[in-house]
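Student: First, the structure itself, so that you have it in front of you.
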Amino acid sequence: GAGRGCGAGLRRGEGLTGCVGRRVSAGGDTMGGGRGGGLRIDVDWSVSQAGGRTEYEGSRTDRVGAGARARGLSIIALMTYTPDWARPFGTPDKHPPNDPDDFARFVSTAAQRYAPLGVNTWEIWNEPNVATFWYPRPDPEGYTALLVRASAAIKAVDPSATVITGGLAPASDPAAGR
């Protein structure tokens, strides 16, 4: 069940990276069996740099990435969410950063770490068109500023990389007035 993780659901607060990462490190073949294809994995800034802008913790992402590569899967790195130190006090991790350049520095660090390992597709944020993921309400100009800086940071590391916008939610958003 959901409480155990990975069976019928995920552990609360864990997400796919932790769930699949545990299976990969345990030798389980949860991803593809060498048949090709791809996997979108979270590279969650709020986890990776929870300790501050000079820290980087990527062990869960590293395990999932290694497992995907071992199975011949391509990776889309989903760059998401803001650590406490980079957003207004008392807001959730889905709040965009106070300074888009902080996000760009994080994305650059991730690109330096994962581009040499074959990651060349990067998705910037998730569903920035709904308040659930872009708190407190969608902001096209704010998202565009984040996307432009993140794309430049990735391209400085890997000029051949593909950078894609965050996937959009197929729903209206009351916070946006629609």
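Student: Convert each backbone phi in segment 80-85 into a coupling constant with the Karplus relation 6.51 cos²θ - 1.76 cosθ + 1.60 (shift: θ = phi - 60°), then list the ³J(HN,Hα) values in order as whole Hz, x for Gly and Pro.
Tutor: 9, 6, 10, x, 3, 5
Student: Still on this structure, please answer the following. As an exercise, use a Förster radius of 25 Å and the Cβ-Cβ distance of Thr54 and Arg137 to find the FRET efficiency, rounded to the nearest 0.05.
Tutor: 0.20
Student: What ³J(HN,Hα) values, in whole Hz, does the Karplus curve 6.51 cos²θ - 1.76 cosθ + 1.60 give for segment 157-170 when θ = phi - 60°, with x put for Gly and Pro?
Tutor: Taking θ as phi minus 60°, the curve returns 8, 9, x, 8, 5, 9, 10, 10, 5, x, x, 9, 6, x Hz for segment 157-170.
Student: Can you give me the long-range amide H partners of Ser74? Hydrogens built in the peptide plane at 1.01 Å from N, cutoff under 5 Å, separation of 5 or more residues or another chain.
Tutor: For Ser74, the qualifying residues are Gly37, Gly38, Leu39.
Student: Let me ask another. Under 5 Å between amide hydrogens, which residues at least 5 positions from Val43 or on another chain qualify, with H placed 1.01 Å from N in the peptide plane?
Tutor: Hits under the 5 Å cutoff: Leu78, Met79, Thr80.
Student: Of all the C-alpha pairs in segment 38-126, what % are more than 16 Å from each other?
Tutor: More than 16 Å apart: 50 percent of the Cα pairs in segment 38-126.
Student: At 1.4 Å probe size, with the rest of the protein present, what percent of the exposed accessible area of segment 83-157 is carbon and sulfur atoms?
Tutor: 53 percent
Student: Next up: What's the long-distance tail for segment 84-178, i.e. % of Cα pairs beyond 20 Å?
Tutor: Cα-Cα pairs in segment 84-178 separated by more than 20 Å: 38 percent.
The values are calculated or read from the model by the stated rules, or taken from the named source; none is laboratory data. These figures come from a predicted structure and were not determined experimentally. Glycine gets a Cβ as well: all are built from the backbone with ideal geometry, and neighbour counts include every protein chain shown. Note: accessible area is taken over every heavy atom of the protein model, side chains too, but ligands, DNA and RNA are not part of it. Shrake-Rupley method; radii C 1.70, N 1.55, O 1.52, S 1.80 Å.
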